[in-house]
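Undergrad: I'd like to ask some things about the structure below.
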Amino acid sequence: MVESTSVVDLEGIRAFAERVIKNVERVIVGKRATVELVVIGLLSQGHLLIEDVPGVGKTMLARALAISTGCTFGRVQFTPDMLPSDVTGVSIFNQASRSFEFQPGPVMSQVLLVDEINRATPKTQSALLEAMEERQVTVDGVTHDLPEPFMVLATQNPIEYEGTFPLPEAQIDRFLFKVSIGYPSLWDEMEILDRQCYEHPIETLEPVATTEELLAAQKAIKSIHVARPVREYLVRLVRRTREHPDAYLGASPRGSLTLFRAGQARAAINGRDYVLPDDIKALAIPALKHRLILAPGARLREQSSDSIIAELLKDMPVPEGARAA
């Protein structure tokens, strides 16, 4: 028997997610798995790091997500000369009122695209730390709450490293998933040409959900049941990333929490009010791979964090049947 702690509108959550996914797929062709991860991240109140080459649709993905959910969209292009105030906003003295007034920056958006996040200096990158974790920014000693919902989609180029600043571990750990879009297949690329023959689909995209529906879904997934054996399976998996000989640093407890919440979201959009080990297995690599720092020997052998997590998933015993439910 599956024990439910409260009544959850599973059909409503599933329908909401399906509407958003299909609408985003009008712009992002042939990338269902990636779009699903983005929607799971949105429902989990998480942030996404998108690492991919230029021209595969990273910006369009963020814009399509914001439009589909009726959220405000903000975009900031990170450059080496950018200041933290260019992100958070600044207080300006108003001569008429003889007082300082806060002029909000792009961070005051519900969906914020941070383009080429590793191009800015660590000082500017750190301007996002408070926003991503505490959903607020502090400017000149005054704290300003961010809008709800709030999601950061940050992009970086995996090829071009000249003039970049590696993200600090504290910031990387604040991203729920690290994903890539990848090149489209032959037929998908032909479909892209057909769809953009006269105009870009983003120009005619309409909202298919409201922010109120999104906030309700984000609240509802917290009631999805996670049985103790599944919780134990999740925590053991995360702990083993810290003990693996090829990992200099493993995933933090924040990794356990985010994987827990993402598992609830995946179960909900699949019409279940309980999480299965399969949900944890499906999300483990995008949720944990960016939290691992490889040992020097592993890097010399061209080992990857993906292969380490895949190895752990293969070796770990999975809770069975009734115990998992």
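Undergrad: What number goes with the only condition from (1) surrounded by fewer than 16 Cβ atoms within 10 Å (Cβ to Cβ); (2) at pLDDT below 90 that Gly89 does not pass?
TA: The number of the failed condition is (1).
The rows are residues; the columns are (1) over 28 Å from Arg266 (Cα atoms); (2) in the same structural domain as Thr72 (by TED's automatic domain parsing); (3) aliphatic (A, V, I, L, M).
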site: Leu153; (1), (2), (3): no, yes, yes
site: Gln171; (1), (2), (3): no, yes, no
site: Leu176; (1), (2), (3): no, yes, yes
site: Pro184; (1), (2), (3): no, yes, no
site: Trp187; (1), (2), (3): yes, yes, no
site: Glu199; (1), (2), (3): yes, yes, no
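Undergrad: Report whether or not Ala267 is in contact with an Asp or Glu (Cβ under 9 Å, 6 or more places away or on another chain) and not β-branched (Val, Ile, Thr). Working first, answer last.
TA: On the way: in contact with an Asp or Glu (Cβ under 9 Å, 6 or more places away or on another chain): yes; not β-branched (Val, Ile, Thr): yes.
Answer is yes for this residue.
Undergrad: Evaluate the following for Thr124: is it modelled with pLDDT under 90, out of contact with any strand residue (DSSP E or B) (no Cβ under 8 Å at 6 or more places or on another chain), surrounded by 16 or more Cβ atoms within 10 Å (Cβ to Cβ) and not in a strand (DSSP E or B)? Can you show your working first?
TA: Details: modelled with pLDDT under 90: yes; out of contact with any strand residue (DSSP E or B) (no Cβ under 8 Å at 6 or more places or on another chain): yes; surrounded by 16 or more Cβ atoms within 10 Å (Cβ to Cβ): yes; not in a strand (DSSP E or B): yes.
It is true that Thr124 is modelled with pLDDT under 90, out of contact with any strand residue (DSSP E or B) (no Cβ under 8 Å at 6 or more places or on another chain), surrounded by 16 or more Cβ atoms within 10 Å (Cβ to Cβ) and not in a strand (DSSP E or B).
Undergrad: Sticking with this one: Looking for whichever is closer than 23 Å to Ala268 by Cβ and either at pLDDT 95 or above or in a helix (DSSP H, G or I) (or both) here; the options are Glu212, Glu191. Which one fits? Give the steps one after another, and end with the answer.
TA: Numbers: Glu191 fails: closer than 23 Å to Ala268 by Cβ.
Answer to the selection: Glu212.
Undergrad: For the range 217-227, does any single residue satisfy the condition of being more than 20 Å from Ala284 (Cβ to Cβ) and either in contact with a Lys or Arg (Cβ under 6 Å, 6 or more places away or on another chain) or of a type in the set (A, V, I, L, M, F, W, C) (or both)?
TA: Narrowing the range 217-227 to residues more than 20 Å from Ala284 (Cβ to Cβ): 217-220, 222-223.
Now narrow it down to the ones that are either in contact with a Lys or Arg (Cβ under 6 Å, 6 or more places away or on another chain) or of a type in the set (A, V, I, L, M, F, W, C) (or both): 217, 220.
Scanning the range 217-227, I find at least one residue that is more than 20 Å from Ala284 (Cβ to Cβ) and either in contact with a Lys or Arg (Cβ under 6 Å, 6 or more places away or on another chain) or of a type in the set (A, V, I, L, M, F, W, C) (or both), so the answer is yes.
The values are calculated or read from the model by the stated rules, or taken from the named source; none is laboratory data. In this text, all values refer to a predicted model and were calculated from it rather than measured experimentally. A quick note on method: Cβ atoms are made from the backbone with ideal geometry, for glycine too, and the neighbour counts reach across all protein chains shown.
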